[in-house]
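Read through the structure below, which is laid out as structure tokens, and then see the notes.
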Amino acid sequence: MPRYFFHLRHRPGPRGLAVDEEGDDLADVNAAREHALFVARETIARDRLATVRDWMVCSFEITDEAGQLVLTVPFSDTVPDDDDDEDSDADRERERERERTRRPSEPMILA
């Protein structure tokens, strides 16, 4: 199973990248994107860090084991488009409840 690394871009420049040195084993790039969105949602809901004033400008820069960038996932992708009416209010409420009851993952350290 491939290993992907989820580097957190929280501001421009080299000092604005929190490097993921451990990574996660996931089936493919689609699974890596879904994992990134899940972690982004958890991070936005849990963390109130002074160093990150607007999570919506952050992104995960996902690399493979060779260090090649395979995908960038903006935290803003956690917010549905205004014209996306597929989710009902009940679906959104169920998702919020799932988010509230999930165990928090390990804290992310920002560089």
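So which residues in segment 1-31 are in a strand (DSSP E or B) and within 12 Å of Glu61 (Cα to Cα)?
Initial filter on segment 1-31 (in a strand (DSSP E or B)): 3-9, 17-18, 24-25.
Listed by number, the residues that qualify are Tyr4, Phe5, Phe6, His7, Leu8, Arg9, Leu17, Ala18.
I want to confirm something. Restricting to segment 53-71 and keeping residues that are over 16 Å from Glu42 (Cβ atoms) and polar (S, T, N, Q), which single residue is nearest to the chain's Cα centre (by Cα)?
Keep residues of segment 53-71 that are over 16 Å from Glu42 (Cβ atoms), which gives 53-54, 57, 61-71.
Still in the list and also polar (S, T, N, Q): 63, 68.
Values: Thr63: 13, Gln68: 18 Å.
Top of the filtered list is Thr63.
Those residues that are surrounded by 14 or more Cβ atoms within 10 Å (Cβ to Cβ), modelled with pLDDT of 95 or more and in a loop (DSSP other than H, G, I, E, B), I need them from segment 32-76; list them, please.
Within segment 32-76, Asp64 is the sole residue that qualifies.
The values are calculated or read from the model by the stated rules, or taken from the named source; none is laboratory data. The structure presented is a predicted model; accordingly, all values stated were derived computationally and were not measured. When we count neighbours, we look across all protein chains shown, and the Cβ atoms used for this are built from the backbone with ideal geometry, even at glycine.
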